[in-house]
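Contents: one structure, followed by commentary.
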Amino acid sequence: MNLGDLVVRRSYDGDVTFRVEQIMQSGAVIKGTEFRLLADAPLDDLVQVPPSRVTERGQQAQIKAKESLTLLHKERQEQSRRNGDNLAGSWSPSASEAAYFEVPGKVLHLDGDPSYLSKSLSLYEQLRIPAEGHHVHEASMAETLHRILPRVRPDIVVITGHDGVLKQPHSYDLYNLNSYKNSQNFIAAIRTAREYERNFDALTIVAGACQSHFEALLGAGANFASSPGRILIHALDPVYVAAKASFTSIRDTVNLSEVLTHTISGSQGIGGVETRGSFRIGMPRLQNLSKLKVTPSAI
């Protein structure tokens, strides 16, 4: 067995596919390929699988991910249509005067997994969301945010990577931070972001990964967090929530019901508090859109 090999765990009936990240004398550190899960496993519990193999659970997650992405695209199209209708009804200007521009909320995405970061940035680009991403080890996220937040000045911060409940020889306490692999690191990063901006509507924070300590992440200052049910969350769930915040008008709050229903992992995977969106419309249409990094639209 080598670094980078794809494996499943015998003890879990091969329900999730992992990639081998580190090999030790009697075990390995493995990371989920579809889910943001970090785990330790004995070498004799691991079975190598070919790249083409997809578990039933992974297949279901892929189907749900495609459905969520399709829904996001549909919502964006409907939103642009509504914006045009609303402006036409309010202003009734000529065609040239009616042109406007859109300013979605800007995302700063910190990810402990380079592969997931690449997928996330690709999705932001497809949805025309201005985003900057950094691959950062979970333990370094607080320091990184302290350094780059004043430069990036985002509307939305995504703090994610890998997490999981530690295996304990005896019973463990799901409300004790010591029971988690990376929840403490996510909390430190959230607190750093909240020191930078305390207003929950001026900076939306989406934080957590698989099985993260949901209550502690919210208590530290996150607007949205995983995982209420201590379940596995899909790699793109934080991106979906960030996209909803980016394209929700500053006049409205993010629809919590839609977030809970349409994320890939559902209400047991993601939760949060009422939060105002960060999407704005401007008029008239700008001639040089690149400097503002906005999305052009016209009625």
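The values are calculated or read from the model by the stated rules, or taken from the named source; none is laboratory data. In this text, all values refer to a predicted model and were calculated from it rather than measured experimentally. Here the Cβ positions follow ideal geometry from the backbone for every residue, glycine too, while neighbour counts run over all protein chains shown. Note: accessible area is taken over every heavy atom of the protein model, side chains too, but ligands, DNA and RNA are not part of it. Shrake-Rupley method; radii C 1.70, N 1.55, O 1.52, S 1.80 Å.
Data overview
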quantity: Test for residue 189: is it in a loop (DSSP other than H, G, I, E, B), crowded, with 24+ Cβ neighbours inside 10 Å, in contact (Cβ under 8 Å) with a residue 60 or more places away in the chain and not hydroxyl-bearing (Ser, Thr, Tyr); calculated: no
quantity: Residue 200, sole failed condition from (1) without any contact (Cβ under 8 Å) to a residue 60 or more places away in the chain; (2) open to solvent by 40 Å² or more (accessible area, probe 1.4 Å); (3) over 27 Å from residue 30 (Cβ atoms); calculated: (1)
quantity: Sole exception among (1) modelled with pLDDT under 75; (2) crowded, with 17+ Cβ neighbours inside 10 Å; (3) of a type outside the set (Ser, Thr, Tyr); (4) not in a helix (DSSP H, G or I) for residue 93, by number; calculated: (2)
quantity: When residues of the stretch 3-56 are limited to those that are more than 20 Å from residue 118 (Cα to Cα) and among the basic types (Lys, Arg), the one least open to solvent (accessible area, probe 1.4 Å); calculated: 9
quantity: The stretch 218-242, residues that are part of a loop (DSSP other than H, G, I, E, B) and open to solvent by less than 10 Å² (accessible area, probe 1.4 Å); calculated: 221, 222, 223, 226, 227, 233, 235
quantity: Hits in the stretch 260-277 - residues which are under 20 Å from residue 74 (Cβ atoms) and assigned to a helix (DSSP H, G or I); calculated: 260, 261, 262, 266
quantity: Checklist (1) open to solvent by 50 Å² or more (accessible area, probe 1.4 Å); (2) at pLDDT below 80 applied to residue 61, failing item; calculated: (1)
quantity: Subset of the stretch 203-217 [part of a helix (DSSP H, G or I) and open to solvent by 10 Å² or more (accessible area, probe 1.4 Å)]; calculated: 214, 215, 216
quantity: Hey, residue 198 of a type outside the set (Val, Ile, Thr), farther than 20 Å from residue 243 by Cα, at pLDDT 95 or above and part of a loop (DSSP other than H, G, I, E, B) or not; calculated: yes
quantity: Hey, residue 257 out of contact with any strand residue (DSSP E or B) (no Cβ under 7 Å at 6 or more places or on another chain) and assigned to a loop (DSSP other than H, G, I, E, B) or not; calculated: no
quantity: Single residue of 121, 117, 108 found to be surrounded by 17 or more Cβ atoms within 10 Å (Cβ to Cβ), in contact with a Pro (Cβ under 8 Å, 6 or more places away or on another chain) and either modelled with pLDDT of 90 or more or assigned to a helix (DSSP H, G or I) (or both); calculated: 108
quantity: Residue 82 vs. criteria at pLDDT below 90, exposed (fewer than 15 other Cβ atoms within 10 Å of the Cβ) and in a helix (DSSP H, G or I); calculated: yes
quantity: Sole exception among (1) under 18 Å from the mean Cα position of the chain (by Cα); (2) in contact (Cβ under 8 Å) with a residue 40 or more places away in the chain for residue 135, by number; calculated: (2)
quantity: Considering residues of the stretch 124-183 that are assigned to a strand (DSSP E or B), within 22 Å of residue 216 (Cα to Cα) and touching a Ser or Thr at 6+ places or on another chain (Cβ under 7 Å) only, the residue most open to solvent (accessible area, probe 1.4 Å); calculated: 165
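Yes/no matrix, rows are residues, columns are (1) at pLDDT 85 or above; (2) touching an Asp or Glu at 6+ places or on another chain (Cβ under 6 Å); (3) not small (Gly, Ala, Ser):
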position	(1), (2), (3)
26	no, no, no
33	no, no, yes
41	yes, no, no
44	yes, no, yes
70	no, no, yes
74	no, no, yes
78	no, no, yes
88	no, no, no
104	yes, no, yes
